[in-house]
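The values are calculated or read from the model by the stated rules, or taken from the named source; none is laboratory data. Everything numeric in this text was worked out from a predicted model, so none of it was measured. A quick note on method: Cβ atoms are made from the backbone with ideal geometry, for glycine too, and the neighbour counts reach across all protein chains shown. We work out accessible area using only protein heavy atoms, side chains counted, and drop any ligands, DNA or RNA first. Shrake-Rupley method; radii C 1.70, N 1.55, O 1.52, S 1.80 Å.
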Amino acid sequence: MNISYNWLRELYPTEMEPKVLAERLTGVGLAVEGIHAAGDDLVFDIDLTSNRPDCLSHIGVAREVAVINGGAFELNAANLTVPAAHVSGKASEFASVTIEDPDLCPRYTARIVRGVKIGPSPQWLVDRLVALGQRSVNNVADITNYVMWEMGQPLHAFDLDTLTEGKIVVRRARAGEKLTTLDRVERELDPEMLMICDASGPIAVGGVMGGAPTEIGDTTTNVLIESAYFVPASVRRTSKLLGLSTEASYRFERGVDWAGARRAQDRCVALICELAGGQATEDAIDVSPKEPGTVNVSLRPERVQSLTGLVVDEDEMRRILTSLGFGLQLDLINDGTGRMTFLVPTWRVDVNIEEDLVEEVARHVGYDKLRDELPPASHAGELQPAETQKRALRGTLSTLGFDEAISYSFINTTHDGRFDLIPEYQRRVSAGTDAFVSLRDSIIEGATRMRPTLLAGLLDALRHNLNHGTREVRLFELGRIFVANEAAGDLPIEREALALIGTGGWTEAGRAGASRELDFFDLKGALESAVDAMRLPPLSFADAEVRHLRLGQTAGITDVNGRSIGSIGRLSEALSQEYKFRQPVFIAELDLTDVLEIETIPARYSPLARYPS
């Protein structure tokens, strides 16, 4: 984005040297990447973020300059007024406007200037446009471009006498329609493209480029000045489909000021009457089928410090925001909440929430004043007692050759009834309670259950590995499982669980291949080692019958307090066939919530022997 230094000083008389001003603009988020000379002027090359379309104009940047200088920008209203000698007639006497697609064009205004004299632009106007990289065409076309660079509102001038029946119709293109644009390229139109049409067909691509048949030429005497608001997504799509990017589309794609359409049009018409002569209509045709509502955003002064660490006086906050155009709602100041409520100006399409106002204050106070500081939080980063035990558990199982798996918390209903679940579930099922947690709106198709066991995910992971030729598999998973709560509407109970699964050969240290097949006691030993690493009393194992495990190779697990906390054993024949496992699979699952409640064994140390053997 090119911005003229001399033009900025005309809009707001700053005394800052160009380099200093460039540094200050960069400091408030308008990054000046370079300064180059253009005649007797200097041009700032500003790299704008896409959320600041208000600064795609000299007035937008001048507003920021004013706040930097401690002042406030004021628009010169005299520049918007056409002298009475150049005004006559109503716009509706010469043209009409119909919007057939208000979803893509919520506002379209048209004003007429009759009797203009087309010719070269004055040298000051040519120099100003050339400095910004814009070529001069003729006085009327140059004025529309000048106002776009000044106010950020793209405009277009039509030769009124070329419009069939003097009609403007804003609609989508129809099948088979074509238009030759100002660059003399005939373009095929897509039915989703928004077009500006007359009674016979398209005359311009809405928000992108005008058409050749209605362009301003040497014989033009009557012009219609268009100033409109086009929905950004529509312009972006059309621009990409046509492979056509213009200064106008660049601004419309990011969002122009809906309420500024008439203001820019008035400025344009006043300049045309001054530089090209003619009679302007008293009014404009202004069609606004869908007016956007106003946006109020409240700011709690303490939020500035809590989010940024900056200590800013309330009066300074007010000065910054009101100078940027945010209207302080005085009737809401003493509402007892301590908040300041601001009416967001229509040109600030990027401001919607309190944090946006905090950012506005912070960037003008100075990003360089932000300090490295941890945000205030309760118990943030605190190491929970159980975390040390879980780390020891993971480390031990990894040392024994197990890889940690992470599976989805959602499973489908085909797993219902496959497993004897942890004791917490069994107690609820025995009491006649539905222990399953069902989802109303699942994010994975078919996965409508919150998992009641980790085994479903581990068995799927094992099948995936075996299908890819990996025969030796040892996995473990720590995760949450979910139990329905009896009280209607209450959140489900979450419990932590540990599951292990193993199959194939057992590879020992120093051996290249498996020396034997993994069995029940390998999994039992791994579980006991993990519990020992957590400094907990040993678990007890006893013969048991478990639905998903093979009879005779199954054990129930109890803790030191005699509570049943899980099971271990070989996967049942029925499930092995269902998953198409052709080798023995051993699995174990524990209710880790119960395990972590057990009192740990104190660590005892003895000194090294004075005389080692």
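Side notes on the structure shown:
- All told, residue 601 falls short of being open to solvent by less than 20 Å² (accessible area, probe 1.4 Å) and among the hydrophobic types (A, V, I, L, M, F, W, C).
- Flag for residue 235 being of a type in the set (A, V, I, L, M) and not in a strand (DSSP E or B): yes
- Across the range 25-34, the qualifying residues are those that are without any contact (Cβ under 8 Å) to a residue 24 or more places away in the chain and either among the β-branched types (Val, Ile, Thr) or in a loop (DSSP other than H, G, I, E, B) (or both), and the one among them that is surrounded by the most Cβ atoms within 10 Å (Cβ to Cβ) is 32.
- Search result, residues across the range 139-153 that are under 27 Å from residue 219 (Cα atoms) and either in a helix (DSSP H, G or I) or at pLDDT below 95 (or both): 139, 140, 141, 142, 143, 144, 145, 146, 147, 148, 149
- Search result, residues across the range 249-281 that are under 24 Å from residue 60 (Cα atoms), open to solvent by 20 Å² or more (accessible area, probe 1.4 Å) and assigned to a helix (DSSP H, G or I): 250, 253, 254, 258, 259, 262, 263, 266, 267
- Matching option when the condition is closer than 30 Å to residue 363 by Cα, in contact with a helix residue (DSSP H, G or I) (Cβ under 8 Å, 6 or more places away or on another chain), surrounded by 13 or more Cβ atoms within 10 Å (Cβ to Cβ) and of a type in the set (A, V, I, L, M, F, W, C), among 131, 110, 72, 95: 72
- For first residues located in the range 165-188 and on the phi > 0 side of the Ramachandran plot, partners that are of a type outside the set (Gly, Ala, Ser) and open to solvent by 60 Å² or more (accessible area, probe 1.4 Å) and lie 6+ apart or on another chain with Cβ distances below 7 Å form the pairs 166/94.
- Inside the range 12-24, residues that are open to solvent by 40 Å² or more (accessible area, probe 1.4 Å) and aliphatic (A, V, I, L, M) make up a count of 1.
- Residues of the range 190-222 that turn out to be more than 26 Å from residue 280 (Cα to Cα) and crowded, with 21+ Cβ neighbours inside 10 Å, as a count: 2
- Taking the range 79-91 as the range and being surrounded by 15 or more Cβ atoms within 10 Å (Cβ to Cβ) and in contact with a strand residue (DSSP E or B) (Cβ under 7 Å, 6 or more places away or on another chain) as the test, the residues that pass are 82, 86, 87, 91.
- Near pairs, Cβ below 9 angstrom, 6+ apart or cross-chain, from the range 39-60 (over 27 Å from residue 344 (Cβ atoms)) to any residue that is in a loop (DSSP other than H, G, I, E, B): 43/132; 43/133; 45/1
- In the condition set (1) free of Cβ contacts under 8 Å to residues at least 12 places away in the same chain; (2) more than 30 Å from residue 92 (Cβ to Cβ), residue 329 is compliant with all but (1).
- Within the range 496-543, the set of residues being small (Gly, Ala, Ser), part of a loop (DSSP other than H, G, I, E, B) and without any contact (Cβ under 8 Å) to a residue 24 or more places away in the chain comprises 509, 510, 512, 513, 515.
- The range 257-280 residues that are on the phi > 0 side of the Ramachandran plot, paired with ones that are among the basic types (Lys, Arg) (beta carbon under 9 Å, 6 or more apart): 277/117; 278/114; 278/117
- Every condition in (1) open to solvent by 10 Å² or more (accessible area, probe 1.4 Å); (2) within 30 Å of residue 350 (Cα to Cα); (3) in contact with a Lys or Arg (Cβ under 6 Å, 6 or more places away or on another chain) holds for residue 225 except the one numbered (1).
- Enumeration of residues in the range 282-299 that are surrounded by fewer than 16 Cβ atoms within 10 Å (Cβ to Cβ) and in contact with a helix residue (DSSP H, G or I) (Cβ under 6 Å, 6 or more places away or on another chain): 283, 292
- Annotation: residue 139 fulfils all but one of (1) over 36 Å from the mean Cα position of the chain (by Cα); (2) open to solvent by 10 Å² or more (accessible area, probe 1.4 Å); the unmet one is (2).
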